[in-house]
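Below is one structure, written out as structure tokens, with a few remarks after it.
The values are calculated or read from the model by the stated rules, or taken from the named source; none is laboratory data. This is a predicted model, so every value here is computed, not measured. All Cβ positions, even for glycine, are placed from backbone atoms using ideal geometry, and neighbour counts span all protein chains on display.
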Amino acid sequence: MNIGFILFPNVTQLDFTGPLQVLHRMPSASTHILAKTMDAVQSDCGLGLVPTGTFASAPKLDIVCVPGGFGVSQAIADAETVDFVRECGAHCVTSVCTGAFVLGAAGLLKGKRATTHWAYHHLLPLVGAIPEKARVVRDGDTFTGGGVTAGIDFALTLVEAIVGAEAARRIQLAIEYDPGPPTAFEAARASAIGAIGPFYEKRVQEFSAEVKTAMGC
């Protein structure tokens with residue numbers, strides 16, 4: 001089973017490496033880290049990510065996974081990236097965080113229930129998706145995850161759907177995935193939204209305009 005991860009500059013590395021760590025352990029999985037060229041791709045935290053192949057050299061994919069990050073703005077405006085996601089022929093299309101908007105720009109979320117990072121969730125209709133607030137949303141063979149760390153939940157959900165709950169449990173145990181954050185998420189939101197809200201408000205306005213441009217609105 002060929003699983004392709006799409007890289008682009010300023011990708012959020014945990015959007016990519018979280019699902020990669022889970023899915024490469026799935027029985028019969030072969031993972032492919034794909035970008036436009038074989039050059040290292042700079043993540044949004046300065047980590048260089050090295051592709052194992054290019055869009056042109058990619059094998060036929062069974063699953064494609066698109067991570068998110070601030071680089072999504074450029075990815076949805078890049079015809080080569082969007083065209084590859086649209087035309088790779090993957091039976092199952094998936095995303096983490098704002099990677100959903102790359103799927104949307106490729107026309108793969110029309111009429112589909114989907115989720116994304118909480119700050120951008122209300123923009124999903126711009127790409128034809130039906131917003132659903134959940135950490136992981138499945139609509140047929142389309143799986144979308146919420147922001148960043150939700151990529152691990154998404155990947156375990158995908159493993160369970162493909163090879164069963166026991167395999168997912170074994171992988172969860174192997175990576176000791178048992179989150180217990182020091183502050184519950186809703187409590188963190190209540191206390192921190194005043195500090196980070198203005199940043200996201202400005203960024204969401206910019207991103208909304210970028211998505212509309214990519215969609216020809």
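A few remarks follow.
Yes/no per residue for (1) crowded, with 17+ Cβ neighbours inside 10 Å; (2) assigned to a helix (DSSP H, G or I); (3) not acidic (Asp, Glu):
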position	(1), (2), (3)
Ile152	yes, yes, yes
Arg169	no, yes, yes
Ser191	no, yes, yes
Tyr200	no, yes, yes
Glu206	no, yes, no
Thr213	no, yes, yes
Gly216	no, no, yes
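- Restricting attention to region 55-68, the residues that are surrounded by 15 or more Cβ atoms within 10 Å (Cβ to Cβ) and more than 11 Å from Ala90 (Cα to Cα) add up to 5.
- Complete set of residues in region 138-150 that are among the hydrophobic types (A, V, I, L, M, F, W, C) and either farther than 19 Å from Leu14 by Cα or surrounded by fewer than 23 Cβ atoms within 10 Å (Cβ to Cβ) (or both): Val148
- Contacts under 6 angstrom Cβ, first residue in region 128-153 being over 13 Å from Cys97 (Cβ atoms), partner of a type in the set (A, V, I, L, M, F, W, C) and assigned to a loop (DSSP other than H, G, I, E, B), 6 or more apart: Gly128/Leu109; Ala129/Leu109
- Criterion violated by Val159 - all others in (1) buried (at least 18 other Cβ atoms within 10 Å of the Cβ); (2) among the hydrophobic types (A, V, I, L, M, F, W, C); (3) farther than 20 Å from Met1 by Cα satisfied: (3)
- Complete set of residues in region 77-109 that are among the hydrophobic types (A, V, I, L, M, F, W, C) and either at positive phi or modelled with pLDDT under 95 (or both): Cys88, Ala90, Cys97
- In this structure, Lys133 does not satisfy being more than 22 Å from Phe185 (Cα to Cα) and not polar (S, T, N, Q).
- Just so you know, in region 32-66 the residues that are more than 19 Å from Met1 (Cα to Cα) and in contact (Cβ under 8 Å) with a residue 40 or more places away in the chain include one that is farthest from the chain's Cα centre (by Cα), and it is Lys36.
- Selection within region 172-189: residues that are without any contact (Cβ under 8 Å) to a residue 40 or more places away in the chain and aliphatic (A, V, I, L, M). The member of this set that is surrounded by the most Cβ atoms within 10 Å (Cβ to Cβ) is Ala188.
- Ser28, sole failed condition from (1) at pLDDT below 95; (2) on the phi < 0 side of the Ramachandran plot: (2)
- Exactly one residue out of Ala56, Ala29 is closer than 20 Å to Thr81 by Cα and of a type in the set (A, V, I, L, M): that is Ala56.
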